[in-house]
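Colleague: Below you'll find the structure I mean.
The values are calculated or read from the model by the stated rules, or taken from the named source; none is laboratory data. All values derive from a computational prediction rather than experimental measurement. Heads up, the Cβs are rebuilt from the backbone with ideal geometry, glycines too, and the neighbour counts pull from every protein chain shown. Remember, those area values only see protein heavy atoms, side chains included, never the ligands or the DNA or RNA. Shrake-Rupley method; radii C 1.70, N 1.55, O 1.52, S 1.80 Å.
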Amino acid sequence: MHVMQDSWDDIRVVLALVRHGSLAKAAEVLGVNYTTVARRISQAEESLGQRLFDRLPTGYAPTTLGKEVAGFAEKMEQSETEMRLSMAGQNERLTGTLTVTAPQLLIASHLCHVFDRFLARHPEVDLTVLASNEQLNMHRREADLAIRITDTPGDTLIGRRLAAQQTASFASAQVAEQIKDTPARVVDWIGFTFWKGPPKQSLHLYPNARIRMSFDDMTAVIGATRAGLGVARMPIFVGRSAGLIQVPVLPPQPYFDIWLVAHKDVWPGAKLRAFREILIPYFKENRPDFIDTKTV
């Protein structure tokens, strides 16, 4: 049995190297170093008696047989994943691991309170939280549950909308006071790198506006806004949790909803049910944190 397990582990490494194209990337995904990947590839080739990769100056290039082996490995991986998903959906024990992925800013402002309540009620669950804006693959069980801010929660997943959202304009207290006292002044926007100019919906009220600086990250935008460098557009929950002042430069605008999603086979499991029993009421209670209630 140990030999069979070692062989499957070697074939799994073959699949990772074909998928990701380099020893370094395969090693990163597998959580090992690149020398381990190279050693496992050699072991797989020795076991099969065939060369699976050509060693080129540019790296490892899969042979035709290497690609074929990776194809078989992918089918084996899918079968294993389907088995684990089915078992997880039927698991009625409130013990063991539960992996949740969610955006970092939502974790910091709200979800940390949900996690605390959940673990207080179910202390035998080993909770892992992956803070990421990327949509992890739920079919490969990269996470059990995903909380996503999106308009496409996933057609092949089962889910529940947690909250509607709006964005609005926010500033530091000092900048907010300046805008209030001198409405004709130039509005300095802190924008994003993909912006072509200030938000169009703001220009009929404050046409004297400009993009003072642009960032590619919301955390940086928050920091610049706190420092009093200008006005920024952000989800209402983000601006409020950052201690910023909502200013009337930009009327509240619709934004992506917040969703809870999971694979359909995992959704019925006891741990996921228990988590939803805390998460869904929490978002109902805190609905005003995500919208401007004066405009809805």
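Colleague: Does D126 qualify as being open to solvent by 50 Å² or more (accessible area, probe 1.4 Å) and either on the phi < 0 side of the Ramachandran plot or part of a loop (DSSP other than H, G, I, E, B) (or both)?
Modeller: yes
Colleague: Looking at L229, L205, L250, which one is in contact with a Ser or Thr (Cβ under 6 Å, 6 or more places away or on another chain), more than 19 Å from H110 (Cβ to Cβ) and in contact (Cβ under 8 Å) with a residue 24 or more places away in the chain? Break it down into steps so the answer makes sense when it comes.
Modeller: Values: L229 fails: in contact with a Ser or Thr (Cβ under 6 Å, 6 or more places away or on another chain); L205 fails: in contact with a Ser or Thr (Cβ under 6 Å, 6 or more places away or on another chain).
Just a single option satisfies the conditions, and that option is L250.
Colleague: Another question about this same structure. Which one of D144, D155 is at pLDDT below 90 and not hydroxyl-bearing (S, T, Y)?
Modeller: It is D155.
Colleague: Within the range 145-186, restricting attention to residues that are in a strand (DSSP E or B), within 21 Å of K271 (Cβ to Cβ) and of a type in the set (G, A, S), which residue is least open to solvent (accessible area, probe 1.4 Å)?
Modeller: Checking each candidate, the answer is A146.
Colleague: Could you figure out which of (1) modelled with pLDDT under 90; (2) within 30 Å of K264 (Cα to Cα); (3) not acidic (D, E) isn't true of V3?
Modeller: With (1) modelled with pLDDT under 90; (2) within 30 Å of K264 (Cα to Cα); (3) not acidic (D, E) applied to V3, the lone miss is (2).
Colleague: Considering only the range 192-201, state which residues are of a type outside the set (F, W, Y) and either under 16 Å from L244 (Cβ atoms) or open to solvent by 60 Å² or more (accessible area, probe 1.4 Å) (or both). Break it down stepwise before answering.
Modeller: Let us first name the residues in the range 192-201 that are of a type outside the set (F, W, Y), namely 193, 196-201.
Within the range 192-201, T193, K196, K200, Q201 meet the criteria.
Colleague: Looking only at the range 100-123, which residues are among the polar types (S, T, N, Q) and open to solvent by 60 Å² or more (accessible area, probe 1.4 Å)?
Modeller: Listed by number, the list holds a single entry, Q104.
Colleague: Hey, can you tell me all the residues within the range 43-71 that are of a type in the set (S, T, Y) and under 11 Å from I11 (Cα atoms)?
Modeller: Passing the criteria: only S47.
Colleague: Of the conditions (1) over 22 Å from L119 (Cβ atoms); (2) under 24 Å from the mean Cα position of the chain (by Cα); (3) assigned to a strand (DSSP E or B), V261 clears all except one; give me its number.
Modeller: In the conditions (1) over 22 Å from L119 (Cβ atoms); (2) under 24 Å from the mean Cα position of the chain (by Cα); (3) assigned to a strand (DSSP E or B), V261 misses (1) alone.
Colleague: Any residue at all in the range 287-295 that's within 26 Å of V114 (Cα to Cα) and of a type in the set (A, V, I, L, M)?
Modeller: Within the range 287-295, one or more residues are within 26 Å of V114 (Cα to Cα) and of a type in the set (A, V, I, L, M).
Colleague: Inside the range 263-296, can you point out the residues that are open to solvent by 50 Å² or more (accessible area, probe 1.4 Å), among the charged types (D, E, K, R) and closer than 22 Å to T156 by Cα?
Modeller: Hits for the range 263-296 are K264, D265, R273.
Colleague: Please go through the range 191-202 and give me each residue that is assigned to a loop (DSSP other than H, G, I, E, B) and hydroxyl-bearing (S, T, Y), ordered by number.
Modeller: T193
Colleague: Further question on the same structure: Only one of these conditions is not met by R40: (1) of a type in the set (D, E, K, R); (2) more than 13 Å from I11 (Cβ to Cβ); (3) surrounded by 14 or more Cβ atoms within 10 Å (Cβ to Cβ). Which number is it?
Modeller: R40 satisfies every listed condition except (2).
Colleague: Need the failing condition index for L205 against (1) part of a strand (DSSP E or B); (2) open to solvent by 50 Å² or more (accessible area, probe 1.4 Å), just the number.
Modeller: Exception for L205: condition (1).
Colleague: Further question on the same structure: Working only within the range 236-257, note down all residues that are part of a strand (DSSP E or B) and either of a type in the set (D, E) or crowded, with 20+ Cβ neighbours inside 10 Å (or both).
Modeller: Passing the criteria: V247, Y255, D257.
Colleague: Only one of L260, L229 is of a type in the set (A, V, I, L, M), crowded, with 20+ Cβ neighbours inside 10 Å and touching a helix residue (DSSP H, G or I) at 6+ places or on another chain (Cβ under 9 Å). Can you tell me which?
Modeller: The unique qualifying residue is L260.
Colleague: Given the condition assigned to a helix (DSSP H, G or I), charged (D, E, K, R) and more than 14 Å from Q165 (Cβ to Cβ), answer yes or no: does some residue in the range 219-235 qualify?
Modeller: Yes - at least one qualifying residue is present in the range 219-235.
Colleague: A further question follows. Does E45 count as without any contact (Cβ under 8 Å) to a residue 60 or more places away in the chain, part of a helix (DSSP H, G or I) and open to solvent by 60 Å² or more (accessible area, probe 1.4 Å)?
Modeller: On the way: without any contact (Cβ under 8 Å) to a residue 60 or more places away in the chain: yes; part of a helix (DSSP H, G or I): yes; open to solvent by 60 Å² or more (accessible area, probe 1.4 Å): no.
In short, no.
Colleague: Another question, then. Counting only residues that are out of contact with any helix residue (DSSP H, G or I) (no Cβ under 9 Å at 6 or more places or on another chain) and either within 15 Å of A38 (Cα to Cα) or assigned to a strand (DSSP E or B) (or both), which one in the range 58-71 is least open to solvent (accessible area, probe 1.4 Å)?
Modeller: A61
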